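Enquirer: A single structure is presented below for examination.
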Amino acid sequence: MSKLGPIRHFPSPVSCDSLVLQGLRCEWGAGVLHLVTSLSHSLILTGHWKFNMAPHDKELSEDLKKRIVALHKDGLGYKKIAKTLKLSCSTVAKTIQRFNWTGSTQNRPHHGRPKKLSARAQHHIQWLSLGSRRMSAASIAAEVEGVGGQPVSAQTIRRTLHQIGLHGCRPRRKPILKMMHKKPRKQFAEDKQTKDIDYWNHVLWSDETKINLFGSDGVKRVWRQPGEKYKDKCVLPGVGSVMVRGCMSAAGTGELQFIDRTMNANLYCDILKQSIIPSLRRLGRRAVFQHDNDPKHTSKTTTALLKKRRVKVMDWPNMSPDLNPSVGHPQTEGGGVQGLEHPPAP
């Protein structure tokens, strides 16, 4: 430090820009420059130093642009002009280059209407939408208007979100799984992943469904006026539906059983005796029966019957209707199974 001499105290405030650092680089060298740079960041954070450059998000006034051009014509360089007007060298250079190319200090006209939202507002919109995925565009617009005071339409919010890759979509539905459900599902997958194709060929899958004789269960709407609730054009005909229980395996479909009254454990045992167990016997001695954990299926009466008939039942995890291949197979308009009135024997 003796060769460099004592470091003088800077006056307050000090202009902290590239010109100061360039001067320090020439006078002191790279080592001391690194020390001063680190010190400057600390002083800036504590408020002892401040920047004197123009904000980057604001356009220079025409008077300031003309002063830059006039000083350049007088022979001043970019650095001296920047130091005199307290601007960055890049701003001065761009202003003079634009004047040399176009002969004017005015910016070229922009294409289309200027953006209504600033970059900060767009970031705030993205933050709100990612923080609450179910927040509507109208709610986001109200939130943005409350923070910035600028009225924004819901369509502007949607357009902004589309530009950053966010689109309004209908959410997928899935069962509500807790840890008590996830562990058995994982254990089920680990136990069954080692089973060969011969094992799965001997599994009899079963399920029940409702068949609509006409129409579907989908929600439909009609336009009507007060007092037209029971007008012929405003009602939907309902012919009825029927509940059935069937089964299937790799060999084909099993016998189909129609349900004409409320299902309980005794009725389910009758269905097992009449159709399910006979279909299971056709798969041989290695047959495995699958049904879900409905209370009627796990009742003492049903468990005793399956044990008495020596039926091997597959352990089935809770909240797993998607694991049954018979769910969602060929359906009618109403969501039931079709073509099983006279099923072939497996």
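The values are calculated or read from the model by the stated rules, or taken from the named source; none is laboratory data. Everything numeric here is computed off the predicted structure, so don't read it as measured data. Positions of Cβ are backbone-derived with ideal geometry, glycine not excepted, and every protein chain shown enters the neighbour counts.
Enquirer: For region 148-201, enumerate the residues that are farther than 17 Å from MET135 by Cα and within 16 Å of the chain's Cα centre (by Cα).
Expert: Answer for region 148-201, where residues must be farther than 17 Å from MET135 by Cα and within 16 Å of the chain's Cα centre (by Cα): GLN163, ARG173, LYS174.
Enquirer: Next question. Going by the structure shown, is GLY240 loosely packed, with under 13 Cβ neighbours inside 10 Å, modelled with pLDDT under 90 and more than 30 Å from ASP196 (Cβ to Cβ)?
Expert: On the way: loosely packed, with under 13 Cβ neighbours inside 10 Å: yes; modelled with pLDDT under 90: yes; more than 30 Å from ASP196 (Cβ to Cβ): yes.
When the stated conditions are applied, GLY240 passes them.
Enquirer: For region 61-77, enumerate the residues that are within 15 Å of SER104 (Cβ to Cβ) and not in a helix (DSSP H, G or I).
Expert: SER61
Enquirer: Additional query: Pairs only if they're at least six apart or on different chains, beta carbon under 8 angstrom, first in region 154-177 and surrounded by fewer than 10 Cβ atoms within 10 Å (Cβ to Cβ), second in a helix (DSSP H, G or I); list them, first residue then second.
Expert: Once the first residue is surrounded by fewer than 10 Cβ atoms within 10 Å (Cβ to Cβ) and sits in region 154-177, its partners that are in a helix (DSSP H, G or I) give HIS167/LEU161.
Enquirer: Inspect all residues belonging to region 285-293 and state whether any of them is surrounded by fewer than 12 Cβ atoms within 10 Å (Cβ to Cβ) and either under 12 Å from TRP205 (Cα atoms) or not hydroxyl-bearing (Ser, Thr, Tyr) (or both). If you could, list the steps in order and put the result at the bottom.
Expert: Of region 285-293, the ones surrounded by fewer than 12 Cβ atoms within 10 Å (Cβ to Cβ) are 285-286.
Narrowing further to those that are either under 12 Å from TRP205 (Cα atoms) or not hydroxyl-bearing (Ser, Thr, Tyr) (or both): 285-286.
For region 285-293, residues surrounded by fewer than 12 Cβ atoms within 10 Å (Cβ to Cβ) and either under 12 Å from TRP205 (Cα atoms) or not hydroxyl-bearing (Ser, Thr, Tyr) (or both): present.
Residue-by-condition table, conditions (1) closer than 30 Å to TYR78 by Cβ; (2) at pLDDT 90 or above; (3) among the small types (Gly, Ala, Ser); (4) assigned by TED's automatic domain parsing to the domain that holds ASP315:
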site	(1), (2), (3), (4)
HIS110	yes, no, no, no
GLN126	no, no, no, no
GLY131	no, no, yes, no
GLU145	no, no, no, no
GLY149	no, no, yes, no
ASP191	no, yes, no, no
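Enquirer: Scan region 88-145 for residues that are exposed (fewer than 12 other Cβ atoms within 10 Å of the Cβ) and among the charged types (D, E, K, R) and jot them down.
Expert: If the condition is that a residue be exposed (fewer than 12 other Cβ atoms within 10 Å of the Cβ) and among the charged types (D, E, K, R), then ARG108, ARG113, ARG120, ARG133, ARG134 are the ones that fit.
Enquirer: For region 230-249, enumerate the residues that are more than 26 Å from LYS296 (Cα to Cα) and of a type in the set (Gly, Ala, Ser). First the steps, then the outcome.
Expert: Step one: of region 230-249, the residues more than 26 Å from LYS296 (Cα to Cα) are 230-239.
Within region 230-249, GLY238 is the sole residue that qualifies.
Enquirer: Name the strands (runs of 3 or more DSSP E) wholly inside region 216-327 in which the number of residues that are in contact with a Ser or Thr (Cβ under 6 Å, 6 or more places away or on another chain) and of a type outside the set (Ser, Thr, Tyr) is 2 or more. Don't jump to the end; show me each part of the working.
Expert: Working: elements: 241-249, 257-259, 288-290.
Ranges flagged: 241-249.
Enquirer: Another question about this same structure. How many residues are closer than 21 Å to ARG185 by Cα and surrounded by 13 or more Cβ atoms within 10 Å (Cβ to Cβ) when one looks only at region 294-308?
Expert: From region 294-308, those closer than 21 Å to ARG185 by Cα are 294-295, 297-298; that's our starting set.
Going one step further and asking which of them are surrounded by 13 or more Cβ atoms within 10 Å (Cβ to Cβ), we end up with 294, 297-298.
Total meeting the criteria: 3.
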